[in-house]
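The values are calculated or read from the model by the stated rules, or taken from the named source; none is laboratory data. Every value quoted in this text rests on a predicted model; they were computed, and no experiment measured them. Cβ atoms come from the backbone with ideal geometry, glycine included; neighbour counts cover every protein chain shown. For the accessible areas, the whole protein counts, side chains as well, though only heavy atoms, and no ligand, DNA or RNA atoms are used. Shrake-Rupley method; radii C 1.70, N 1.55, O 1.52, S 1.80 Å.
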Amino acid sequence: MPLLPEYDLSGKVAILATSGGDQAPYLAMALSEAGASVFTVARRQTYLDKVLAALERESFANLDGVVANLATQPGLAQAMEAFDNHGSPVDILVNDAQSMFAKPVDEITLEEWDEVQSRNLRGTFLITQAVGRRMVERQYGRIVNLISGLAERGMINGSAFAASQAAVLALTRSFAVEWSRFNIRVNAIGTGLMDTEGQTLEAQQEELVVRYTPLRRKGNPGDIGPLLVYLCSEFCDYSTGQVVYIDGGLNAHP
């Protein structure tokens with residue numbers, strides 16, 4: 001994508017933390033294309049492999065990554081130790097904690113509820129706290145949380161997942177207020193339906209939720225990249241505690 005000088009991330013180091021989903025490779029590529037070196041922390045090896053393969057395919061700079069459960073203290077320590085092996089400071093943190101779960105509310109077990117909150121909320125809190133402390137010391141940082149539009153909407157069978165996303169949005173706003181005096185900007189990108197399989201427009205529009213979306217199509221993960229790069233850049237200096245939705249207008253519905 002064309003890059004404005006104001007959005008240049010050259011020399012910046014980013015940590016990308018992902019607990020699932022197919023958009024993580026696109027997030028990593030956007031950061032790397034803008035000049036940042038990316039270190040990936042993934043909940044599963046398959047997630048990490050996809051990110052590293054995408055960066056290698058495009059010959060983008062990266063700092064490899066690690067598989068770790070960020071919802072636990074040992075997992076967090078493992079991730080930070082692996083990052084520290086590179087001897088680099090951290091300028092950017094991107095949290096992609098959207099591990100989906102769908103089940104009727106009266107059938108959700110306590111174990112399932114705790115697991116969803118652990119993956120999407122607890123892990124996001126712990127790594128943001130750890131990385132944020134380093135940013136506070138350096139008096140600089142950019143943090144971006146990827147959330148679902150369900151952070152502000154309800155959906156049948158989506159209560160546990162929606163609750164986790166609403167909580168991450170609340171963390172975004174709270175961290176933004178608390179850390180603003182340290183030159184740290186904390187924002188969120190709300191995503192809607194994303195097509196990572198190359199569906200035709202006709203196939204997409206067979207789905208009811210796509211027909212309900214004002215733009216009548218799914219998004220492309222590449223649609224997220226330009227906004228992500230802006231929010232991670234030094235040029236993003238007067239925006240914090242905000243969420244911007246890239247969802248085809250879905251959240252504009254009453």
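For the subset of region 9-68 comprising residues that are polar (S, T, N, Q) and in a helix (DSSP H, G or I), which member is most open to solvent (accessible area, probe 1.4 Å)?
Looking at the filtered set, the residue picked out is GLN45.
So which residues in region 58-72 are farther than 23 Å from ILE147 by Cα and in contact with a helix residue (DSSP H, G or I) (Cβ under 9 Å, 6 or more places away or on another chain)? Steps first, please.
First pass over region 58-72, keeping only residues farther than 23 Å from ILE147 by Cα: 58-64.
Within region 58-72, GLU58, PHE60, ALA61, ASN62, LEU63, ASP64 meet the criteria.
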Cβ-Cβ below 8 Å, separation at least six or inter-chain, first residue in region 151-169 and of a type in the set (D, E, K, R), second not in a helix (DSSP H, G or I): which pairs? GLU152/GLY190
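Looking at this structure, is ALA97 surrounded by 17 or more Cβ atoms within 10 Å (Cβ to Cβ), in contact (Cβ under 8 Å) with a residue 12 or more places away in the chain and in contact with a helix residue (DSSP H, G or I) (Cβ under 9 Å, 6 or more places away or on another chain)? Let's see the steps before the verdict.
Details: surrounded by 17 or more Cβ atoms within 10 Å (Cβ to Cβ): yes; in contact (Cβ under 8 Å) with a residue 12 or more places away in the chain: yes; in contact with a helix residue (DSSP H, G or I) (Cβ under 9 Å, 6 or more places away or on another chain): yes.
When the stated conditions are applied, ALA97 passes them.
Name the single residue that is modelled with the highest pLDDT among those in region 78-126 being of a type in the set (Gly, Ala, Ser) and over 20 Å from ALA14 (Cβ atoms).
Initially, region 78-126 is screened for residues of a type in the set (Gly, Ala, Ser), giving 79, 82, 87-88, 97, 99, 102, 118, 123.
Retained after the next criterion (residues that are over 20 Å from ALA14 (Cβ atoms)): 99, 102, 118.
Working: SER99: 82, ALA102: 88, SER118: 93.
The extreme case among them is SER118.
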For region 204-241, how many residues are open to solvent by 60 Å² or more (accessible area, probe 1.4 Å), within 19 Å of LEU27 (Cα to Cα), assigned to a loop (DSSP other than H, G, I, E, B) and not hydrophobic (A, V, I, L, M, F, W, C)? 2
Out of ARG138, ARG153, ARG173, which single residue is touching a Pro at 6+ places or on another chain (Cβ under 7 Å) and more than 18 Å from ARG43 (Cα to Cα)? ARG138
Search result, residues across region 176-196 that are in a loop (DSSP other than H, G, I, E, B), free of Cβ contacts under 8 Å to residues at least 60 places away in the same chain, touching a helix residue (DSSP H, G or I) at 6+ places or on another chain (Cβ under 7 Å) and over 21 Å from ALA166 (Cα atoms): ASP195
Selection from region 110-159 of residues open to solvent by 50 Å² or more (accessible area, probe 1.4 Å) and of a type in the set (S, T, N, Q) yields GLN129, GLN139, ASN157
